[in-house]
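**Student:** So that we are looking at the same thing, I have put the structure below in structure tokens.
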Amino acid sequence: MIEQRLFTVEPWAVRESELNLAALGQTESVFALANGHIGLRGNLDEGDPHALPGSYLNSFYELRPLPYPEGGYGYPESGQAIINVTNGKLIRLLVDDEPLDVRYGELRSHERVLDLRAGTLSRRMEWVSHAGKAVRVASQRLVSLAQRAVAAINYDVEPVDEPVLLVLQSELFANEQLPPTTDDPRVAAALSEPLVAEQHRCNDTGATLMHSTRHSGLRMAAAMDHEVIGPSRTEFHSSATEDVARTTVICRLEPGQRLRVVKYLAYGWSSQRSFPALGDQVRAALAAARYTGWTGLTTEQRRYLDDFWAAADVEVEGNAQLQQAVRFGLFHVLQAGARAERRGIAAKGLTGPGYDGHTFWDTETFVLPVLSHTVPDAAADALRWRRMTLPLAVERAGQLGLAGAAFPWRTIRGQECSGYWPAGTAAFHVNADIADAAIRHVTATGDTDFERDIALELLVQTARLWRSLGHHDVHGNFRIDGVTGPDEYSAVADNNVYTNLMAQRNLRAAAAAVERHLEKAATFGVDAEEAASWRYAAAAMIIPYDEKLGVHPQAEGFTEHAVWDFAATAPEEYPLLLHFPYFDLYRKQVVKQADLVLAMHLCPEAFTPEQKARNFAYYERITVRDSSLSAATQAVLAAETGHLDLAYDYLCETALVDLADLANNTNHGLHIASLAGAWSALVAGFGGFRHLDDGGLAFAPRLPEALTRITFRLRWRGQRLRVEITPDQAEYRLLDSAGLELSHHGRPITLNADSPVVLPIPPPPPTDHLTQPVGREPLARRLPDDAAT
């Protein structure tokens, strides 16, 4: 973690006022631009120096070996890894034949700004060569949210005080040399120079490169074009080879003159389209970008983001850095999924190669709740992608001897890519998580067409999985044995409470959806007897409870395990999985991330307020948060049970995970689910936002002492709702014309447009002080004072 503050605190921007080479990996992730289809890490325009170059296309991957010391039935045969595609960001500059490199000469000033309303990354610097020639460079970069295949860079150069001869080289560069990411030579070989050249072409102002992957059979094209504005003798030409295309611009600038180059980029990929078709596709996208122009692209970008913020902004008073972090998180959640369009949303989005670019259950549980209430079309597309991979999930279930669909724990294209089955295949809860996201999306949007055409089959096939995975015991109870819940420090357990409750919801929702869409359900072979069996299993579902302790065990027998010796665990021994064998972790009471606590958030109707308070206190003492996913959930339940200051600490932790590099790995990409979790901590935590069983929505707002106001907006069934919370009252305002019913701390209210309702906030319940394992207090408390306030 970088201890000093890297970024100035501003409400709508992330600004780096001077270049910190030691933090390049972090800033490359923080300054990444994406639209869900294209992702460009925030590398410097000239390419060097860098920590990790990165240009990504969603779901464009290569196969790689999954080495096993011992094989086993049902193990995945190969993995998938997102690859660094052709880099179109590169713009190199020679000043009187000396390359601009910030490590040499004198860097008088350097600033980068990520503008969260404009959707651009800007850079300004003044640099002096060893020969004493000074230039000012200003660049702006965007990945278009309006034109899915397009990115663009506006690059300006001017001399400071004397004439200079400039040579600008704008490039497409495939198969860049990357720092090693694995010690396994088999995997490294598979991912080294993964792109095979197929075609290349150029004209005066640009070029196209086309490549395929060696093993996964995917094809891609990248193209560039340029507008050049300079003095009268400005010359330019282009060339292309298999892996490098270059447009070279040459001119001499006098003081007061300027060279401006606008670089347009277009990317496309396919597993089926021919190379001529791909080439035409990206060149057409370039033509549209040039027709729109740089000014038009920036106008489109601002318009798109204005619409987004009008329905998604969260205002926070009392902590300026938290305000910045929350908007930063929402911006990157949008970038991860806005134009993914039936592709997955990876754990790192398109900001880095962490987790091999895989999609996990994080998407459905943490990211889609944000998108369903802010950009519902993006959430729907993510679920359509799951529906598209359903045949592979059905095939996987059959391989495992199960009915229905078994979705992968981690994947890019739908195949299981986890080589460690106790924390992979055994984590069947991913199937209920997908079903739950579909249920919540339909509830939030009221989209019955989506329910019939997409959600229904997801619900049916996952319900079939649970019915075949579980069984009725001799007492008639329905058991789900030998599964792993969200807590990866416990594995292959019986009747994990989270899994059972989510499966119960899945089964009930599937049966209800079948009733609403009988004709469509019949095409999946569902009859009344099968639907009745789902209801019977749900009604008989075992939910373990420890009567002696008065808490729910995470799974059967969990509270009988020995408690981990936290006092004897040194701070440097976290995360525990890197310092202790799983054998030891699996048989102790130690929780990596919220599991039973997450069940209380997502299935609140299954617990009384007293049970929530006791459960939360019990698990707070043994949860070490070795996963960045945990803090957001703990914030929500801390707020609900009255521990408002603790909830605030966890909110800060999840919101600042990347801006403060709290997990020491932001260089591999941002933690998209954690950034989404900041929204949940505010809206579901301090706002008390919940979906009701009858399809309504409820709020139970309260603020911690550190905050004086929270205002958030969300979409609900085609309408926009604004909620403003102060210490003593909450105001509910409908921003659209129709009416809306909701509840405030259990009190039903009806909203009409232009008629806000203001209600008092009752005091929180009395609480006792809670403690965490030794050394595992919220990470935000460990920040320097000026970074945490």
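The values are calculated or read from the model by the stated rules, or taken from the named source; none is laboratory data. Here the structure is a predicted model, which is why all the values come from computation and not from measurement. A quick note on method: Cβ atoms are made from the backbone with ideal geometry, for glycine too, and the neighbour counts reach across all protein chains shown. For the accessible areas, the whole protein counts, side chains as well, though only heavy atoms, and no ligand, DNA or RNA atoms are used. Shrake-Rupley method; radii C 1.70, N 1.55, O 1.52, S 1.80 Å.
**Student:** When you take every Cα atom in region 193-329, what is the radius of gyration, and what is Dmax, the widest Cα pair distance, in Å?
**Tutor:** For region 193-329, the Cα radius of gyration and maximum Cα-Cα distance read 20.2, 56 Å.
**Student:** Further question: Ignoring ligands, DNA and RNA, what percent of the 1.4 Å accessible area of the chain is carbon and sulfur? Before the final figure, lay out the partial values.
**Tutor:** Values: 14030 of 28890 Å².
Carbon with sulfur: 49 percent of the solvent-accessible area.
**Student:** Where in region 444-483 does the label zone of ARG342 land, with the point 7 angstrom along Cα→C-beta and an amide N cut-off under 18 Å?
**Tutor:** The answer is 449-458.
**Student:** Enumerate the calculated ³J(HN,Hα) couplings along region 155-169 in order (Karplus 6.51 cos²θ - 1.76 cosθ + 1.60, θ = phi - 60°), each rounded to whole Hz, writing x wherever the residue is Gly or Pro.
**Tutor:** Each residue's phi maps through the Karplus curve to give 10, 10, 10, 8, x, 8, 9, 8, x, 9, 9, 10, 10, 9, 10 Hz.
**Student:** While we're here: Taking the alpha-carbon distance from LYS548 and a cut-off under 25 Å, which lysines remain once sequence neighbours fewer than 8 residues away in the same chain are dropped?
**Tutor:** LYS588, LYS592, LYS612
**Student:** Over all distinct Cα pairs, what is the inverse of the mean 1/r for region 1-138, reported as the Kirkwood hydrodynamic radius in Å?
**Tutor:** Numbers: mean 1/r = 0.0572 Å⁻¹.
Result for region 1-138 stands at 17.5 Å.
**Student:** OK, next. Taking the Cα centre of region 163-279 as origin and charging only Cβ (+1 Lys, Arg; -1 Asp, Glu), how large is the dipole, in debye to the nearest 20?
**Tutor:** Details: 11 positive and 13 negative charges, 61 e Å.
Using only the charged Cβ atoms, the result is roughly 300 debye.
**Student:** Follow-up. Stokes-Einstein diffusion coefficient for the chain at 25 °C in a medium of 0.890 mPa s, Rh from the Kirkwood formula over Cα pairs: what value in µm²/s? Each step should come with its number before you reach the end.
**Tutor:** Numbers: Rh = 27.5 Å.
Approximately 89 µm²/s, per Stokes-Einstein.
**Student:** Kindly report, to the nearest 10 Å², the accessible surface of LEU24 as traced by a 1.4 Å probe over protein heavy atoms only.
**Tutor:** 10
**Student:** Can you tell me the accessible area per residue over the chain, all protein chains present, probe 1.4 angstrom, in square angstrom? Intermediate values should be presented prior to the final figure.
**Tutor:** Details: 28890 Å² over 789 residues.
Accessible area per residue, the chain: 37 Å².
**Student:** Could you order peptides 319-325, 410-416 by the average number of other Cβ atoms within 10 Å of their residues, highest first?
**Tutor:** On the way: 319-325: 21.9, 410-416: 23.4.
The densest-packed peptide leads the list: 410-416, 319-325.
**Student:** Follow-up. Output ³J(HN,Hα) for region 704-720: one whole-Hz value per residue in order, computed from phi by the Karplus curve 6.51 cos²θ - 1.76 cosθ + 1.60 with θ = phi - 60°, and x for Gly and Pro.
**Tutor:** x, 4, 6, 10, 9, 6, 10, 10, 9, 10, 8, 9, 9, 6, x, 10, 10
**Student:** Follow-up question, since we're still on this one. If I fit a long axis through the Cα atoms of helix 630-640 and take the longest principal axis of the Cα atoms of the chain, what angle between them do I get, 0 to 90°, rounded to 10?
**Tutor:** The two axes meet at around 50 degrees.
**Student:** Work out the FRET efficiency for ALA738 and GLU515 from their Cβ-Cβ distance, taking R0 = 25 Å, and round it to the nearest 0.05. Before the final figure, lay out each step's value.
**Tutor:** Details: r = 27 Å, r/R0 = 1.08.
Rounded to the nearest 0.05, the efficiency is 0.40.
**Student:** Which one of PRO553, TYR574, ILE543 has its Cα pushed farthest toward the positive end of the charge dipole of region 531-603, where Lys and Arg give +1 and Asp and Glu give -1 at the Cβ?
**Tutor:** Result: ILE543, furthest along the dipole toward the positive end.
**Student:** Below 11 angstrom from the Cβ of TRP269, what's the summed charge of the other residues (Lys, Arg +1; Asp, Glu -1)? Kindly include the intermediate steps, with their values, before the conclusion.
**Tutor:** Details: positive: ARG219, ARG273, ARG343; negative: none.
Charge balance near TRP269 sits at +3.
**Student:** May I pose another question? How do 397-403, 568-574, 655-661 rank on mean C-beta neighbours within 10 Å, highest first?
**Tutor:** Numbers: 397-403: 15.6, 568-574: 11.3, 655-661: 26.1.
Ranking the peptides 397-403, 568-574, 655-661 by packing returns 655-661, 397-403, 568-574.
**Student:** Additional query: Magnitude of the Cβ-charge dipole of the chain, K/R +1 and D/E -1, about the Cα centre, nearest 20 debye?
**Tutor:** Values: 73 positive and 100 negative charges, 307 e Å.
With only Lys, Arg, Asp and Glu charged at Cβ, the dipole is about 1480 debye.
**Student:** If a/c stays under 1.5 just call it rounded; otherwise compare a/b with b/c (prolate if a/b is bigger, oblate if not). Do that for region 257-407, with a ≥ b ≥ c from the square roots of the Cα gyration tensor eigenvalues.
**Tutor:** On the way: a/c = 2.41, a/b = 1.21, b/c = 1.99.
Verdict is oblate for region 257-407.
**Student:** Long-range amide H contacts for LEU66: which residues qualify at under 5 Å (H placed 1.01 Å from N, peptide plane, sequence gap of 5 or more or a different chain)?
**Tutor:** Long-range HN contacts for LEU66: GLY79.
**Student:** Can you pull the semi-axes for region 538-673, root of five times each eigenvalue of the Cα gyration tensor, sorted largest first, whole Å? Walk me through the numbers on the way to the answer.
**Tutor:** Numbers: eigenvalues 131, 82, 36 Å².
Values for region 538-673, descending: 26, 20, 13 Å.
**Student:** Relative to the Cα centre, what is the charge dipole magnitude of region 529-605, using +1 at the beta carbon of each Lys and Arg, -1 at the beta carbon of each Asp and Glu, and rounding to the nearest 20 debye? Walk me through the intermediate numbers first.
**Tutor:** Numbers: 5 positive and 12 negative charges, 11 e Å.
My answer is approximately 60 debye.
**Student:** Something else now. On average over all directions, what projected area in square nanometres does region 600-740 have, based on the convex hull of its Cα atoms? Don't jump to the answer; show the numbers that get you there.
**Tutor:** Values: hull surface 38.6 nm².
Quarter of the Cα hull surface area: 9.6 nm².
**Student:** Can you tell me the convex hull volume per residue for region 350-491, based on C-alpha atoms, in Å³ to the nearest whole number? Can you show the working numbers first?
**Tutor:** Values: hull volume 17.3 nm³, N = 142.
Considering the Cα atoms of region 350-491, their hull volume per residue is 122 Å³.
**Student:** Kindly give the semi-axes, whole Å and largest first, of the ellipsoid equivalent to region 56-115, taking each as the square root of 5 times a Cα gyration tensor eigenvalue.
**Tutor:** Values: eigenvalues 395, 40, 33 Å².
Value: 44, 14, 13 Å, ordered largest first.
**Student:** Right, something else. So what's the net charge close to ILE542: Lys and Arg +1, Asp and Glu -1, counting the other residues with Cβ under 13 Å from its Cβ?
**Tutor:** On the way: positive: ARG479; negative: ASP473, ASP481, ASP494, GLU556.
Result for the local shell: -3.
**Student:** With a point put 7 Å past each Cα toward its Cβ, work out how far ARG260 is from ARG214 in nm, to one decimal.
**Tutor:** 4.5
**Student:** Give the distance, in whole Å, between the Cα centre of region 529-593 and the Cα centre of region 342-366.
**Tutor:** Distance between centres, Cα-based: 26 Å.
**Student:** Using only helices, what value at 222 nm comes out for the chain when you add -39,500 (n - 2.57) per DSSP H run of length 4 or more and divide by the total residues, to the nearest 500 deg cm²/dmol? Could the numbers behind the result be given before it?
**Tutor:** Working: 19 runs with 226 residues, N = 789.
After summing the helix terms and dividing by residue count, I get -9000 deg cm²/dmol.
**Student:** Could you point to the residue in ALA266, LEU116, ASN84 farthest towards the positive end of the chain's charge dipole, with +1 and -1 charges on the Cβ of Lys/Arg and Asp/Glu respectively?
**Tutor:** ALA266
**Student:** Could you state the orientation-averaged shadow area of the convex hull built on the Cα atoms of region 348-418, in nm² to one decimal? Don't skip to the end; give the middle numbers.
**Tutor:** Details: hull surface 20.1 nm².
Projected over every direction and averaged, the Cα hull of region 348-418 covers 5.0 nm².
**Student:** Per-residue HN-Hα couplings for region 18-24, Karplus 6.51 cos²θ - 1.76 cosθ + 1.60 at θ = phi - 60°, whole Hz, x for Gly and Pro?
**Tutor:** Values, residue by residue: 8, 6, 10, 5, 5, 10, 4 Hz.
**Student:** Based on the Cα atoms of region 111-213, what semi-axes does the equivalent ellipsoid have, where each is the square root of 5 times one gyration tensor eigenvalue, given in whole Å with the largest first?
**Tutor:** Working: eigenvalues 206, 79, 67 Å².
Equivalent-ellipsoid dimensions as semi-axes: 32, 20, 18 Å.
**Student:** Still on this model: More than 13 Å apart: what percent of Cα pairs in region 271-328 qualify? Before the final figure, lay out the partial values.
**Tutor:** Values: 1216 of 1653 pairs.
That fraction is 74 percent.
**Student:** Still on this structure, please answer the following. Could you tell me which of rounded, prolate or oblate describes region 668-729, using a ≥ b ≥ c as the square roots of the eigenvalues of the alpha-carbon gyration tensor, with rounded for a/c under 1.5 and, failing that, prolate when a/b is larger than b/c and oblate otherwise?
**Tutor:** In terms of gyration-tensor shape, oblate.
**Student:** Evaluate the distance, in nm, between pseudo-label points positioned 7 Å from the Cα of GLU560 and of GLU162 along their respective Cα→Cβ axes.
**Tutor:** Label at GLU560, label at GLU162, 8.5 nm between them.
**Student:** Which net charge results for the neighbourhood of MET502, defined as the other residues with beta-carbon distances under 9 angstrom from its beta-carbon, given Lys and Arg at +1 and Asp and Glu at -1? List each step's numbers first, then the result.
**Tutor:** Numbers: positive: ARG505; negative: ASP433, ASP436.
It works out to a net charge of -1.
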